[in-house]
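Student: The structure that follows is given in the form of structure tokens.
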Amino acid sequence: METTCPHCGLDAVSAWRKLALGPASTAKCRRCGLKVSAAVPQALLSFVPCVVAVAVVLSGVVRGTVPLIAIGAGGWVFTSVLYLVWVPLVARQVTRQDAVAAARAAAGHRA
């Protein structure tokens with residue numbers, strides 16, 4: 001899962017927090033406290049499975065409640081997994097070396 005902080009290189013956010021994090025919003029890394037966000041191109045492209053699922057449902061090609069729910073749920077799950085695994089976090093502020101050093105020291109890493 002791609003939740004590595006671009007500042008300190010440690011685990012920055014939980015999976016649930018990353019799913020709620022978009023390119024326009026920021027979160028603080030739970031280790032160094034510096035701001036991170038989702039990368040714009042990958043974040044947008046990760047929603048393609050949902051868009052395809054919506055297009056299939058709206059096209060009327062598939063009929064019946066169960067298949068429509070399965071397509072919608074499948075698109076949502078695939079998009080969520082793709083977002084967690086493929087979309088990297090990017091820095092949204094200048095890296096402060098003191099915060100990085102403190103986070104790495106607290107995690108037991110060498111500076």
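Student: Within segment 11-21, is even one residue in contact with a Leu (Cβ under 7 Å, 6 or more places away or on another chain), basic (Lys, Arg) and at pLDDT 95 or above?
Tutor: Yes.
Student: Also: For segment 1-30, which residues satisfy the criterion of being surrounded by 15 or more Cβ atoms within 10 Å (Cβ to Cβ) and of a type in the set (Lys, Arg)?
Tutor: Lys18, Lys28, Arg30
Student: Could you go through segment 89-97 and let me know if any residue there is over 14 Å from the mean Cα position of the chain (by Cα) and assigned to a helix (DSSP H, G or I).
Tutor: The first filter runs over segment 89-97 and keeps only residues over 14 Å from the mean Cα position of the chain (by Cα), leaving 92-97.
Within this subset, residues satisfying the condition of being assigned to a helix (DSSP H, G or I) are 97.
Yes, the conditions are met somewhere in segment 89-97.
Student: What are the residues in segment 53-88 that are in contact (Cβ under 8 Å) with a residue 12 or more places away in the chain, surrounded by 13 or more Cβ atoms within 10 Å (Cβ to Cβ), part of a helix (DSSP H, G or I) and among the hydrophobic types (A, V, I, L, M, F, W, C), if any? Write out each step before concluding.
Tutor: Just the residues of segment 53-88 that are in contact (Cβ under 8 Å) with a residue 12 or more places away in the chain, to begin with: 53-54, 56-57, 71-72, 74-76, 78-80, 82-88.
The next check asks that each one be surrounded by 13 or more Cβ atoms within 10 Å (Cβ to Cβ); those that pass are 53-54, 56-57, 71-72, 74-76, 78-80, 82-84, 86-88.
From what is left, the residues that are part of a helix (DSSP H, G or I) are 53-54, 56-57, 71-72, 74-76, 78-80, 82-84, 86.
Ala53, Val54, Val56, Val57, Ile71, Trp76, Phe78, Leu82, Leu84, Trp86 - these are the residues of segment 53-88 that are in contact (Cβ under 8 Å) with a residue 12 or more places away in the chain, surrounded by 13 or more Cβ atoms within 10 Å (Cβ to Cβ), part of a helix (DSSP H, G or I) and among the hydrophobic types (A, V, I, L, M, F, W, C).
Student: Another question, then. Given (1) out of contact with any strand residue (DSSP E or B) (no Cβ under 7 Å at 6 or more places or on another chain); (2) at pLDDT 95 or above; (3) assigned to a helix (DSSP H, G or I), where does Cys50 come up short, assuming only one miss?
Tutor: (2)
The values are calculated or read from the model by the stated rules, or taken from the named source; none is laboratory data. Since this is a predicted model, take the numbers as computed values, not measurements. For neighbour counting, all protein chains shown are included, and Cβ atoms are generated from backbone atoms with ideal geometry for every residue, glycine included.
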